[in-house]
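Just so it is clear, none of the values below were taken in a lab; they were calculated from the coordinates. Values in this document were obtained by computation on a predicted structure and should not be read as measured data. Every residue, glycine as well, gets a Cβ built from its backbone with ideal geometry; the counts of neighbours run over all protein chains shown.
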Amino acid sequence: MSGVKVEMRGITKRFPGIVANDGISLTLRQGEILALLGENGAGKSTLMNILFGLYQPDEGEILINGEPVAIVNPKTAIQLGLGMVHQHFKLVEPFTVTENIILGQETRRGLQVDYGKAARQVSELSARYGLRVDPRARIRDISVGMQQRVEILKTLYRGADILIFDEPTAVLTPQEIRELMDIMRKLVAEGKSIILITHKLKEIMAIADRVTVIRRGKVIDTLAVKDTNPDELAAKMVGREVSFRLDKKPAAVGAPVLSVENVTARGPGGLSVLSGVTFEVRAGEILGIAGVDGNGQSELIEALAGLRGIDGGRIALGGREIANRSPRDIAEAGLGHIPEDRHKRGLVLDFSMSENMVLKTYYTSAYNRGGFLDYAVIDRQAQRLIAEFDVRTPGLRTPARALSGGNQQKAIIAREIDLNPDLLIAAQPTRGLDVGAIEFIHKRLLEQRDKGKAVLLLSLELDEILKLSDRIAVIYEGRIVGEADPAHTSDRELGLMMSGSGRAAEAPAPSTSGGEKHG
């Protein structure tokens, strides 16, 4: 490493009611990976959005290669050699992968955009970095994991030598994370410099050279990764010791709460997305479903929650058939749903925190007087949940979009658990969250299980699946291909099963279904 590529001096950024960045200074050296670590809402993404020209600082200055610069917008940032892979994707859904990647930097043949040449370039880049993206696919038709890869490709296509990765592994499998780390190592070996925003301490220890810790808008410390450890970093990040050990009692398993039998469903173009899915979730247990993104998890969740119809099979909740019923009917039957995409499915971002807390119950007599919402009662309910679940918000009238990802997630979990559901579906419940928020959410999920509730956990984080689950079912190409005991398996074995190349477990008896599909 030699020289300083980026220097941020005394950066301050204020929003109404909050100082997001408070005099932050950091440096990024050439050929290094600098990790930026902090709780949700600590100000990391705000700081990087300033560096990329999406926000303007109220105070402070930025130097690139030792020269002061004014980064007035992302176009300026790109011209200065900066590229950013955003946590919340900046993609145009009706456009193709290629159209998104070349947007603003189109290759032309005469007056026409040369899409054929651009698609070939995208394919070559995709193959070079092992990202396996179809350049002709439309964004709206591909999985969340594929969309993340498009964001990475978009940055690489522009040839940036200073790369900002904002939670880039949040939707990737362990194999894909290892591939991404290999990509990052190649990039820094070529002399590029990387700022990595991540909550995953294991990733920081594996890939970063240095780490800057931010807490509540201020820099706490900058350390060489070789001179620190996860416990120290976690404590610096949240201001207290964090327990990585889960106090998990043996499961007291009861009767089946959810029974899914031979469920089939088709997606766009009539393609099969669920192929004879069969499993049960019982009272007092957490069933984890592990799989590579795009193998039917999203479609399964949608079918269970009433967001998608099924073509065949049976879904019963507490003995009552719920297949092809409305989301409201299913929720009233006893299903709580923490969705995988909190922005699309979990919150109305422009509604206030109070309004979001009653999205599933606003129509009931508890919150209505003569057909009008009783905001005094709604506010009291919201205040109770905000306090109980430690949701950090400037106020009850604050729109949901103003909160950090972790606090948005806590708000959704508060609302869903307060409904006292018999079955709680937790889909990617800790995606993009810091260790403090993860610790909190894991405890809440275990509390539901220990109260005798059934919990269905779908996560791309194998560590999370192994840590929380009492049983693990593996989904591949829209079907359950096997079951594993978390106490007697490994992430490697699960990873092989998830890729379709591992040995499936023997199918359990029908009364404890969750193994291979039948029929």
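Charges only on Cβ, +1 for Lys and Arg, -1 for Asp and Glu: so what's the dipole of the stretch 325-398 about the Cα centre, in debye to the nearest 20?
Using only the charged Cβ atoms, the result is roughly 60 debye.
So what J values fall out for the stretch 378-393 if you push phi through Karplus, 6.51 cos²θ - 1.76 cosθ + 1.60 with θ = phi - 60°, rounded to Hz, Gly and Pro as x?
Values, residue by residue: 4, 5, 5, 4, 5, 4, 4, 5, 4, 5, 5, 9, 6, 7, 8, 9 Hz.
Give me the angle, in degrees from 0 to 90, between the Cα long axis of helix 174-189 and the longest principal axis of the Cα atoms of the chain, rounded to the nearest 10.
It works out to around 0 degrees.
Going by Cα centres, the stretch 19-76 and the stretch 311-328 are how many Å apart?
That distance is 49 Å.
What is the Cα coordinate range of the stretch 338-420 on the first, second and third principal axes, sorted by size from largest, in whole angstrom?
For the stretch 338-420, the Cα extents along the three principal axes come out at 35, 24, 24 Å.
Going by amide H atoms built from the backbone, whose H comes under 5 Å of the H on N21, apart from near neighbours?
K13
When M205, M498 are ordered from fewest to most other Cβ atoms inside 10 Å of their Cβ, what list results?
Fewest to most other Cβ atoms nearby, the residues stand as M205, M498.
Once amide H atoms are built 1.01 Å from N in the peptide plane, which residues 5 or more positions from L424, or in another chain, come under 5 Å H to H?
Here the answer is G336, A454, V455, L456, since their amide H atoms fall under 5 Å of that of L424.
I'd like the Karplus ³J(HN,Hα) series for the stretch 319-325: coefficients 6.51, -1.76, 1.60, θ = phi - 60°, whole numbers in Hz, and an x wherever there's a Gly or Pro.
Along the stretch 319-325, the couplings run x, 9, 5, 10, 4, 6, 8 Hz.
Treat every Asp and Glu Cβ in the stretch 1-103 as -1 and every Lys and Arg Cβ as +1, leave all other atoms uncharged, and give the resulting dipole magnitude about the Cα centre to the nearest 20 debye. Working shown, then result.
Numbers: 8 positive and 10 negative charges, 10 e Å.
Rounded to the nearest 20 debye, it is 40 debye.
Would you order S123, S404 from fewest to most other beta-carbon atoms within 10 Å of each residue's own beta-carbon?
Going from sparsest to densest Cβ surroundings: S123, S404.
What does the charge add up to near E299, with Lys and Arg as +1, Asp and Glu as -1, over the other residues with Cβ less than 14 Å from its Cβ?
-3
Would you mind computing Rg(Cα) / (2.2 N^0.38 Å) for the chain, counting N as its residues?
0.99
Using 1/(1 + (r/R0)^6) with R0 = 22 angstrom and r between the beta carbons of F95 and S123, what's the FRET efficiency to the nearest 0.05?
The formula returns an efficiency of 0.85 here.
Step through the residues of the stretch 24-37 one at a time and calculate ³J(HN,Hα) from phi using the Karplus curve (6.51 cos²θ - 1.76 cosθ + 1.60, θ = phi - 60°), rounding each to whole Hz and writing x for Gly and Pro.
7, 10, 7, 10, 10, 8, 5, x, 10, 10, 9, 8, 10, 10
At 7 Å along Cα-to-Cβ for each site, give me the label-to-label distance between E61 and D341 in nm.
Between E61 and D341, the label points sit 4.3 nm apart.
Taking R0 as 45 Å, what FRET efficiency do you get between N368 and H488 from their Cβ-Cβ distance, rounded to the nearest 0.05?
On the way: r = 52 Å, r/R0 = 1.15.
After rounding to 0.05, the efficiency reads 0.30.
Pull out the extension gain between D227 and R158, defined as 0.36 nm times the separation in residues minus the alpha carbon to alpha carbon distance; nm, one decimal.
21.4 nm
P(r) of the stretch 286-330 in 5 Å steps, Cα pairs, percent per bin?
5, 22, 26, 23, 18, 5, 0
Let me know the charge dipole size of the chain about its Cα centre in debye, to the nearest 20, where only the beta-carbon of Lys, Arg (+1) and Asp, Glu (-1) is charged.
For this selection, approximately 720 debye.
What do you get for Rg/Rh over the stretch 363-488 if you use C-alpha atoms and the Kirkwood form of Rh?
1.04
Can you list residues from other chains, or at least 5 along the same chain, whose modelled amide H is less than 5 Å from the amide H of E59?
Amide H neighbours of E59, under 5 Å, 5+ apart: T12.
Could you tell me which residue out of S126, Q105, V69 lies farthest along the dipole of the stretch 11-149 toward its positive end? Charges go on the beta carbon: Lys and Arg +1, Asp and Glu -1, centred on the Cα centre.
S126
Taking the simple approach of a point 7 Å from Cα along Cα-to-Cβ for both T12 and L111, what is their distance in nm?
Spacing of the two 7 Å Cα→Cβ label points: 5.3 nm.
What is the extension gain from D134 to D329, computed as 0.36 nm multiplied by their sequence separation minus the C-alpha to C-alpha distance, in nm to one decimal? Display every interim value, and only then the final one.
On the way: separation 195, 0.36 × 195 = 70.20 nm, distance 3.81 nm.
Using 0.36 nm per residue and subtracting the Cα-Cα distance, I get 66.4 nm.
Sorted from fewest to most neighbouring beta carbons within 10 Å, what does the list F89, F165 look like?
Least crowded to most crowded, the residues run F89, F165.
Taking the Cα centre of each part, how many Å lie between the stretch 465-486 and the stretch 380-395?
So the two Cα centres are separated by 34 Å.
Just to confirm the filter: which GluC sites (Glu not before Pro) across the stretch 216-271 are DSSP coil and have at most 13 other Cβ within 10 angstrom of their Cβ?
E241
Would you mind listing how long the stretch 332-371 runs along its three principal axes, going by Cα atoms, in whole Å with the largest first?
Cα spread of the stretch 332-371 along its principal axes, largest to smallest: 35, 28, 11 Å.
Using 0.36 nm per residue of separation minus the Cα-Cα distance, give me the extension gain between L359 and R320 in nm, one decimal. Don't jump to the answer; show the numbers that get you there.
On the way: separation 39, 0.36 × 39 = 14.04 nm, distance 2.40 nm.
Fully extending the segment from L359 to R320 adds 11.6 nm.
Report the label-to-label distance for A252 and D450 in nanometres (one decimal), using points 7 Å from each Cα along the Cα→Cβ vector.
For A252 paired with D450, the spin-label model returns 1.1 nm.
Taking the inverse of the average 1/r across all pairs of different Cα atoms in the stretch 192-346, what Kirkwood radius in Å do you get?
Working: mean 1/r = 0.0517 Å⁻¹.
After inverting the mean inverse Cα-Cα distance, the result is 19.4 Å.
If you build the Cα gyration tensor of the stretch 45-156 and take the root of 5 times each eigenvalue, what three semi-axes come out, in whole angstrom, biggest first?
Here the semi-axes work out to 28, 17, 13 Å.
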